[in-house]
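Structure first, then comments.
The values are calculated or read from the model by the stated rules, or taken from the named source; none is laboratory data. Since this is a predicted model, take the numbers as computed values, not measurements. All Cβ positions, glycine included, derive from the backbone under ideal geometry; neighbour counts span all protein chains shown.
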Amino acid sequence: MENIILGLLILRERTIYQLRERINKGLNLMYSGSTGSIQAAIKKLLKLEYICFRETLEKGKHKKTYSITEDGKKYFLKWVNEPLENANIKSPELVKIYFMGFSDKQSRIRNIEIYIELLKCQYDELCFICQEGENMEVPKVGQDILKYQLATVTYGRDLLKFNIEWYEKFLSNMKGDRL
């Protein structure tokens, strides 16, 4: 989460609310955008002096706007230029599939149908984000940034498409007792 926050702050300063909103639009495939996880990461980054904030008073409320420091930029750029880490293909939902033989057939079918609908909603959201990003006019200096951000959203969209197809086939086999 810390690197996501640094990456977002390198683009522009933001409040916690703005960070959460941005994380929940496309980045939530990688990390939870909960306020608690963002606040914990902010606290850690402040302690490391990778970010700072300015406090303003708006409509009688104190508002903190966070920005990245030079040390934060150096750390982020070092991290982003390192090789990719080992792939993690863990899927917690597969644990339920693993033990699904203990549940009744009607529950299995209903739960997989519900899960497929959830995947389809997420897929539609990412299709919208991809389309929005492809039609976005960006200054030349930001085109590389957008290109790689869209690549991760496209990855998520394609992964969801694969999962939808896999679960639909799984459901069909389950209904026909062909597992």
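Things to note:
- Matching residues, region 23-54, being at pLDDT 95 or above and of a type in the set (D, E, K, R): Lys43, Lys44, Lys47, Glu49, Arg54
- Selection count, region 82-117, where residues are of a type in the set (D, E, K, R) and assigned to a helix (DSSP H, G or I): 7
- Count - residues of region 67-91 that are touching a residue at least 60 places away in the same chain (Cβ under 8 Å) and in contact with a Cys (Cβ under 9 Å, 6 or more places away or on another chain): 2
- Unique match (being loosely packed, with under 15 Cβ neighbours inside 10 Å, of a type in the set (A, V, I, L, M, F, W, C), over 20 Å from the mean Cα position of the chain (by Cα) and closer than 25 Å to Val153 by Cα) among Ile109, Ile114: Ile114
- Output for region 56-111, where each listed residue is small (Gly, Ala, Ser) and either over 30 Å from Leu171 (Cβ atoms) or touching a Gly at 6+ places or on another chain (Cβ under 6 Å) (or both): Gly60, Ser67, Gly72
- As for region 120-138, it holds no residue that is within 25 Å of Asn3 (Cβ to Cβ), hydroxyl-bearing (Ser, Thr, Tyr) and within 16 Å of the chain's Cα centre (by Cα).
Every residue, every condition in (1) surrounded by 16 or more Cβ atoms within 10 Å (Cβ to Cβ); (2) touching a helix residue (DSSP H, G or I) at 6+ places or on another chain (Cβ under 7 Å), yes or no:
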site	(1), (2)
Gln122	yes, yes
Glu125	yes, no
Lys147	no, no
Leu150	yes, yes
Asn173	no, no
Leu179	no, yes
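- Within region 41-75, tally of residues that are assigned to a helix (DSSP H, G or I) and farther than 17 Å from Met1 by Cβ: 4
- When region 1-58 is filtered for residues that are β-branched (Val, Ile, Thr) and under 19 Å from the mean Cα position of the chain (by Cα), the ones remaining, listed by number, are Ile4, Ile5, Ile10, Thr15, Ile16, Ile23, Thr35, Ile38, Ile42.
- Scan region 126-172 for residues that are more than 18 Å from Arg22 (Cα to Cα) and β-branched (Val, Ile, Thr) and the total you get is 2.
- So Lys120, is it assigned to a helix (DSSP H, G or I) and closer than 19 Å to Leu159 by Cβ: yes
- Conditions (1) outside any strand (DSSP E or B); (2) of a type in the set (Val, Ile, Thr); (3) touching a His at 6+ places or on another chain (Cβ under 8 Å): number failed by Ile38: (3)
- Just one residue in the set Ser91, Ser32 is surrounded by 11 or more Cβ atoms within 10 Å (Cβ to Cβ), within 30 Å of Cys121 (Cβ to Cβ) and out of contact with any helix residue (DSSP H, G or I) (no Cβ under 6 Å at 6 or more places or on another chain); that residue is Ser32.
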